[in-house]
Amino acid sequence: MYETAPVGYVDQPPFLNQVIAVRTALDAPSLLHILLDIERALGRVRTIRNGPRTIDMDILLFGDAVIDLPDLKVPHPRMLERRFVLEPLAEIAPEWKQHLQALL
């Protein structure tokens, strides 16, 4: 887990960030639906873009898939701009550096 300064809207406390890897039989849109349900159950209310929130769960990668849907883009379109994503991702899956370059 990494504590980082907020990005974008900076008038808020630091964030705690982590990346996890999971195996699932779900397709990416179904997984996203479940993640959004978890966010709502934990009190997430979307008010200010990049503003304070109780939790934020994203799908960064989904195997070898490149997904371009209105509500889901994979690989995550801004992950390469976010050290708070890349550092923990490289820690748990260093092989994804080469894999990610091939996808993008």
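The values are calculated or read from the model by the stated rules, or taken from the named source; none is laboratory data. This is a predicted model, so every value here is computed, not measured. Quick reminder, even Gly has a Cβ in these numbers, built from the backbone with ideal geometry, and neighbours come from all protein chains shown.
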- Which residues, taken from the range 29-47, are surrounded by 12 or more Cβ atoms within 10 Å (Cβ to Cβ) and in a loop (DSSP other than H, G, I, E, B)? 44
- Flagged in the range 50-103 as part of a helix (DSSP H, G or I), among the aliphatic types (A, V, I, L, M) and under 19 Å from residue 3 (Cβ atoms), in numbering order, are 79, 85, 86, 89, 90, 92
- Message: Quick check on the range 59-69. Is at least one of its residues within 16 Å of residue 93 (Cβ to Cβ) and of a type in the set (Asp, Glu)?
- Response: yes
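Could you please give the count of residues in the range 2-28 that are part of a loop (DSSP other than H, G, I, E, B), among the hydrophobic types (A, V, I, L, M, F, W, C) and touching a residue at least 24 places away in the same chain (Cβ under 8 Å)? Full working, then the answer.
Looking only at the range 2-28, we keep the residues that are part of a loop (DSSP other than H, G, I, E, B), and these are 5-14, 18-27.
Those left that are additionally among the hydrophobic types (A, V, I, L, M, F, W, C): 5, 7, 10, 19-22, 25-26.
From what's left, touching a residue at least 24 places away in the same chain (Cβ under 8 Å): 7, 19-21.
Here the count works out to 4.
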- Could you run through the range 7-28 and say how many residues are loosely packed, with under 14 Cβ neighbours inside 10 Å and farther than 22 Å from residue 90 by Cα? 8
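For the range 63-75, check the following and say yes or no: at least one residue is among the charged types (D, E, K, R), loosely packed, with under 12 Cβ neighbours inside 10 Å and modelled with pLDDT under 90.
Taking the range 63-75 as the starting set, the residues that turn out to be among the charged types (D, E, K, R) are 64, 68, 71, 73.
The next check asks that each one be loosely packed, with under 12 Cβ neighbours inside 10 Å; those that pass are 64, 68, 71.
Retained after the next criterion (residues that are modelled with pLDDT under 90): 64.
Scanning the range 63-75, I find at least one residue that is among the charged types (D, E, K, R), loosely packed, with under 12 Cβ neighbours inside 10 Å and modelled with pLDDT under 90, so the answer is yes.
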